[in-house]
Structure formats: C-alpha cells, structure tokens
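Nothing in this text is a laboratory measurement; each read-out follows from the coordinates by a stated rule. Computed from a prediction, not measured in an experiment: that's the story for all the values here. Reconstructed Cβ throughout: ideal geometry from the backbone, glycine too, with neighbour counts over all protein chains shown.
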Amino acid sequence: MPEIVGVVERLWRYPVKSAGGELLDSVEVEGRGLVGDRLYAVRDGAGKLGSGKNTRRFRRVDGLLRLSARLGPRIDVPELFDPLGMPVPDPDPFLRAYLEQEDVALAREDAVSHFDELPVSVLTTATLDWVAREVPSAVVDERRFRPNVLLRTPPGTPPFGEDGWFGREGRVKGGVRLAFARASVRCAMVGAAQPGLPHAPEILKAVAHERDGELGALATVARPGLLRVGDVLALA
C-alpha cells in the first residue's frame with residue numbers, strides 16, 4: 001500500500017536563480033523540473049552564476065534575494081522586481097547598477113545547469129516547525145530554504161521524515177512522480193536577509209550542528225505531470 005506522507009501546501013517557482021520566487025496554484029513538471037524554475041540566472045563575464053556561495057560554477061552575489069521574479073505571459077521570459085516590488089523594465093542595466101558590477105547580465109540556462117544539485121526540492125512542515133523551535137530568535141519561513149514544494153504533514157509527524165524517502169518514489173494521483181535521492185545541503189543563504197526576513201545566521205548554525213548542514217529532500221522527475229496545491233503525496 002502507498003504511504004501517504006502529506007499534502008502539497010505551497011508550490012514555489014524561482015524563475016531567476018537566487019532571487020525571490022513566485023507562489024503557484026499548479027505547475028507542470030517536466031524532466032528538467034518545474035517548468036521555468038531557475039531557467040535564468042545572473043551571469044558574470046567569467047560565466048559564473050550569481051548564487052549564495054562560491055564554487056566552480058557559482059559566484060556569491062549578495063543582494064539577489066532582495067529581488068524577486070515571476071514568469072510573464074510568455075512562460076520562458078521572467079519579469080524581475082526590485083527590492084520594493086516594482087517591476088524592472090530593463091533587467092541588465094538595472095542589475096549592473098544595483099549590484100555595482102559591470103559584467104553581469106540575466107542569462108538563460110544553456111550547457112551549465114542553474115540548479116545547485118537536483119531539480120526538485122521538498123520540505124515538510126514538520127521539519128520547518130523544528131527549525132522554528134530550535135531557533136526561536138529567528139523569523140522562520142519556508143522561503144529561507146527555497147523549496148519547490150512545502151508539504152503539510154499530519155499533526156504529530158516528527159521532523160526529518162524526508163530522510164526516509166530516499167530511494168523511493170513520491171506520487172500524486174494522476175500526476176507527477178518524483179524520485180527522491182538525497183538531502184539538500186544548506187549554505188549561508190538560509191540566514192540571508194530578504195523582504196520580510198531579517199538576517200539570521202543562527203539558522204545555519206543550528207542546521208549544521210544538528211543535521212550536518214542537511215535539511216529537506218531533493219528529487220529527480222520520474223514522470224512528468226501536473227502538480228497542484230492540495231495534491232496528496234504518497235510514497236510508492
């Protein structure tokens with residue numbers, strides 16, 4: 001029998017990597033992930049992508065979280081919004097002035113993936129509630145962890161249930177199937193300031209101390225399909 005693990009409470013898409021995202025009622029999920037998710041990124045002259053950390057592919061660019069993006073009528077073209085929520089008519093000149101970097105531009109994904117790890121991230125309310133209890137001094141919100149899916153778990157569900165999903169397939173009736181693979185490794189971005197959420201480095205300290213820096217679940221897409229708020233997620 002399938003094991004029901006929760007109900008989709010919120011769906012998030014992030015059209016521009018490391019910028020704020022948009023809430024959705026439903027979304028098509030393709031092999032790459034949620035349609036349009038992280039399709040664009042701020043790319044510098046060396047080809048590195050704006051992120052919350054420095055790696056071979058990424059360059060830490062502070063301030064991106066204060067921006068937000070959504071997909072416009074043309075599903076593959078993002079609309080960018082400034083820290084006050086005002087639309088940005090011409091993203092590239094704005095980004096160069098706002099970030100004080102002359103070599104940046106908004107770029108569509110090509111050969112280099114914009115995803116940090118795997119394409120779909122899921123976080124349960126039970127795990128998010130643990131963070132709130134563990135770090136009472138911080139304003140805790142799922143936006144800190146940038147999940148695609150916030151899953152409402154039944155009352156009394158212990159935190160970190162996501163750890164038991166790895167190697168299993170999550171399914172919604174008549175819709176998408178997700179192959180859960182591993183936990184998501186967290187960085188300083190979970191404590192970075194963004195609209196409505198002040199700087200809170202103590203969040204990463206708690207996750208690093210109790211969870212070795214890992215929280216939530218990452219998945220690949222086993223079968224494309226539609227994902228909706230209110231869908232029941234069950235493990236095969």
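Quick notes on this one:
- For q = 0.09, 0.15, 0.17 Å⁻¹, Debye-computed log10 I/I(0) when each Cα of the chain counts as one equal scatterer: -0.36, -1.03, -1.31
- Rounded to the nearest 20 debye, the dipole magnitude of the chain is 340 debye, with +1 charges on Lys and Arg beta carbons, -1 on Asp and Glu beta carbons, and the Cα centre as origin.
- Cα Rg, Dmax, region 40-108, angstrom units: 11.7, 34
- When you count the other C-beta atoms within 10 angstrom of each residue and take the mean per peptide, 176-182, 102-108, 82-88, 227-233 line up highest first as 176-182, 227-233, 102-108, 82-88.
- Span from the region 11-43 Cα centroid across to the region 61-101 one, whole angstrom: 14
- Charge-dipole axis of region 40-108 as Lys and Arg at +1 and Asp and Glu at -1 on Cβ define it, positive-most pick from 84, 51, 97: 51
- Computed from Cα positions, the angle between helix 202-211 and the longest principal axis of the chain comes to roughly 40 degrees.
- More than 27 Å apart - percent of Cα-Cα pairs taken over region 79-212: 35
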